[in-house]
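Working notes for the structure below.
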Protein chains: 2
Amino acid sequence: MKADAVRGHLDGLLLAVLEQGPLHGYAIIAAVQHRSGGVLELRTGTIYPALQRLERLGLLSSSWESSGERRRRCYALTEAGRHTLAGERTAWSEFTAAIGSVLNPTTPPPGLAT
Amino acid sequence: MKADAVRGHLDGLLLAVLEQGPLHGYAIIAAVQHRSGGVLELRTGTIYPALQRLERLGLLSSSWESSGERRRRCYALTEAGRHTLAGERTAWSEFTAAIGSVLNPTTPPPGLAT
DNA sequence: GCCAATATGTTGGTCCCCTATGCATACACT
DNA sequence: AGTGTATGCATAGGGGACCAACATATTGGC
C-alpha cells in the first residue's frame, strides 16, 4: 500500500474507529492498523491535525484523561460526527462504484464468444 | 461526488479506458464519464498533463491523427501500460478492502446478542 | 544512566488535481 | 461575413491533504 493511499478518506476512517467508543490518538493509529489487517499505518503528523480539525468542525469532542496514567487526549464521536460518518459511508460506496465501473467495466471487451 | 475524488486513481482510470483501443483526450473524458454512469467528469487540465506523464513513463504511446479530420493526439496502451493496469486493478481491490474493513468492520460493535 | 515504548504535537515539503485561461478548427445559423 | 457552439489540445497558477522529520515528555526494563 502506497504511503499516500488514504488521501481523501481519512476523516471517514477516524470517525469509524471512534464509533465503538472514545479513543486517544495513539490508540486510533493502532485501531486503524488492526482493522485494516496491518495495511494502513497512519502517522502522527497525519492524524493529530486531522483530529483537531474534526473537533473544530464539531464532529468530535475531546477530553484529557490523566487519572493514574499518562496524559491522554481522548476523542469521542458527537451526534454530528455520527451523522457525518453515515454520509461518509454512503460517499464511499458511491466512490468505489464509480471508480470500479471504469476500472472493471461490466461490459466486457469484445472478442469472447460474441 | 466531490471534485477531487479521483486523486490517486487517475492513472488507473486512463489506462482502463484505453484497454479496448486507442482514444484521444476528448474521447477519454467522454469514456470515463460514460462508464462511470455520468459521475466522473474529468477536466482537460487534469488529463492532458496526466497523459503526457504516462507517455513519459512508457505506459502509453501517442500519435497524431490528422487525415481528413481535425488533428487529434491518439493515445494507445503499451505492453508496459497493460502490465501496469493489471497492477492498478490489484492495488484498487487491496485499497478498497483496507478502507472498507475500517469503515464497515465485519466485527460488529458489541451489544447485539452477545 | 540508557534505551525502548508510549504519547502528543509542529514544521516543511511535495504531490496531485482543479480552476481558469488561451488558442485553433469545424460547422450551423443568420 | 459574422457569430455562436462544439470539438480539441495545452499551460499556468493555486490549494488542499498527507507525509517525513523533528521536538518533547513520561514510564519501565536492564
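The values are calculated or read from the model by the stated rules, or taken from the named source; none is laboratory data. Nothing here was measured: the structure is a model prediction, and the numbers come from that model. As a convention, Cβ positions derive from the backbone with ideal geometry for all residues, glycine included, and neighbour counts pool all protein chains shown.
Counting the residues of region B:16-50 that are among the aliphatic types (A, V, I, L, M) and either over 13 Å from the mean Cα position of the chain (by Cα) or at the interface with chain A (Cβ under 9 Å from one of its Cβ atoms) (or both) gives 8.
Which members of region A:25-46 meet the condition of being of a type outside the set (A, V, I, L, M) and surrounded by fewer than 20 Cβ atoms within 10 Å (Cβ to Cβ)? Selection gives A:Gly25, A:Tyr26, A:Gln33, A:His34, A:Gly37, A:Gly38, A:Glu41, A:Arg43, A:Thr44, A:Gly45, A:Thr46.
Taking the criterion of being within 14 Å of chain A (Cβ to nearest Cβ), of a type outside the set (A, V, I, L, M, F, W, C) and touching a Ser or Thr at 6+ places or on another chain (Cβ under 7 Å), the residues of region B:51-106 that qualify are B:Thr96, B:Ser101. Against the criterion of being exposed (fewer than 13 other Cβ atoms within 10 Å of the Cβ), near DNA strand D (Cβ under 10 Å from one of its atoms) and within 30 Å of B:Val39 (Cα to Cα), A:Ala3 qualifies. The residues of region B:66-79 that are modelled with pLDDT of 95 or more and out of contact with any strand residue (DSSP E or B) (no Cβ under 9 Å at 6 or more places or on another chain) amount to a single one, B:Glu79. Among the residues of region B:69-90 satisfying the criterion of being over 17 Å from B:Pro49 (Cα atoms), within 15 Å of DNA strand C (Cβ to nearest atom) and not in a helix (DSSP H, G or I), which is nearest to the chain's Cα centre (by Cα)? For region B:69-90, the residue satisfying everything is B:Arg71.
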